[in-house]
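Structure, as structure tokens:
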Amino acid sequence: MIGQITDKNIYLILPGKVSKMAMMYAADFGVSIKEALKRIYKSATYKALEKEETKLWHLGPVALYQMLLDNAES
């Protein structure tokens with residue numbers, strides 16, 4: 001158990017969320033998992049996710065993926 005999420009430990013919970021997002025992205029866009037990960041890590045959604053103060057880490061992978069898609073359209 002992680003306990004309280006801070007800027008120092010948020011990185012521990014991100015890989016699980018990002019890997020599920022990458023699987024959805026790869027399936028939807030017909031790209032490799034590696035390419036999906038690159039696109040996610042370069043996204044505004046990920047940049048916001050890695051900041052503890054946004055509290056986006058509370059969201060599940062599906063909600064984060066939808067946010068990724070919504071931000072890509074903007």
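The values are calculated or read from the model by the stated rules, or taken from the named source; none is laboratory data. Computed from a predicted structure; not experimentally measured. Note that we place each Cβ from the backbone using ideal geometry, even for glycine, and neighbour counts take in every protein chain shown. Note: areas computed on protein heavy atoms with side chains; ligands, DNA, RNA excluded. Shrake-Rupley method; radii C 1.70, N 1.55, O 1.52, S 1.80 Å.
Which members of the range 8-33 meet the condition of being at pLDDT below 95 and hydroxyl-bearing (S, T, Y)?
Across the range 8-33, the qualifying residue is only Y11.
Suppose we keep only residues that are open to solvent by less than 90 Å² (accessible area, probe 1.4 Å) and acidic (D, E) within the range 46-62. Which one would you say is farthest from G3 (Cα to Cα)?
Looking at residues that are open to solvent by less than 90 Å² (accessible area, probe 1.4 Å) and acidic (D, E), I get E50.
I want to confirm something. Restricting to the range 23-33 and keeping residues that are part of a helix (DSSP H, G or I) and of a type outside the set (A, V, I, L, M, F, W, C), which single residue is most open to solvent (accessible area, probe 1.4 Å)?
Here is the first cut: in the range 23-33, the ones part of a helix (DSSP H, G or I) are 23-29, 33.
Next, only the ones that are of a type outside the set (A, V, I, L, M, F, W, C) stay: 25, 28.
Working: Y25: 29, D28: 102 Å².
Once the filter is applied, the top-ranked residue is D28.
Checking T6 against (1) over 13 Å from the mean Cα position of the chain (by Cα); (2) surrounded by 12 or more Cβ atoms within 10 Å (Cβ to Cβ); (3) among the β-branched types (V, I, T), which test does it fail?
Failing condition for T6: (2).
May I ask you to list pairs of residues, at least six apart or on different chains, whose Cβ atoms are under 7 Å apart, with the first in the range 54-74 being over 14 Å from D28 (Cα atoms) and touching a residue at least 24 places away in the same chain (Cβ under 8 Å) and the second being in a helix (DSSP H, G or I) and open to solvent by 60 Å² or more (accessible area, probe 1.4 Å)?
P61/K20; N71/A44
Quick one: count up the residues across the range 57-74 that are part of a helix (DSSP H, G or I) and at pLDDT 95 or above.
Looking only at the range 57-74, we keep the residues that are part of a helix (DSSP H, G or I), and these are 57-58, 61-73.
Retained after the next criterion (residues that are at pLDDT 95 or above): 61-70.
Residues flagged as part of a helix (DSSP H, G or I) and at pLDDT 95 or above within the range 57-74 amount to 10.
Within the range 34-53, take every residue that is farther than 21 Å from E73 by Cα and part of a helix (DSSP H, G or I) and give me the one that is modelled with the highest pLDDT.
Looking at residues that are farther than 21 Å from E73 by Cα and part of a helix (DSSP H, G or I), I get K34.
Would you check if G16 is on the phi > 0 side of the Ramachandran plot and either open to solvent by less than 50 Å² (accessible area, probe 1.4 Å) or free of Cβ contacts under 8 Å to residues at least 60 places away in the same chain (or both)? Full working, then the answer.
Details: on the phi > 0 side of the Ramachandran plot: no; either open to solvent by less than 50 Å² (accessible area, probe 1.4 Å) or free of Cβ contacts under 8 Å to residues at least 60 places away in the same chain (or both): yes.
Against the criterion (on the phi > 0 side of the Ramachandran plot and either open to solvent by less than 50 Å² (accessible area, probe 1.4 Å) or free of Cβ contacts under 8 Å to residues at least 60 places away in the same chain (or both)), G16 does not qualify.
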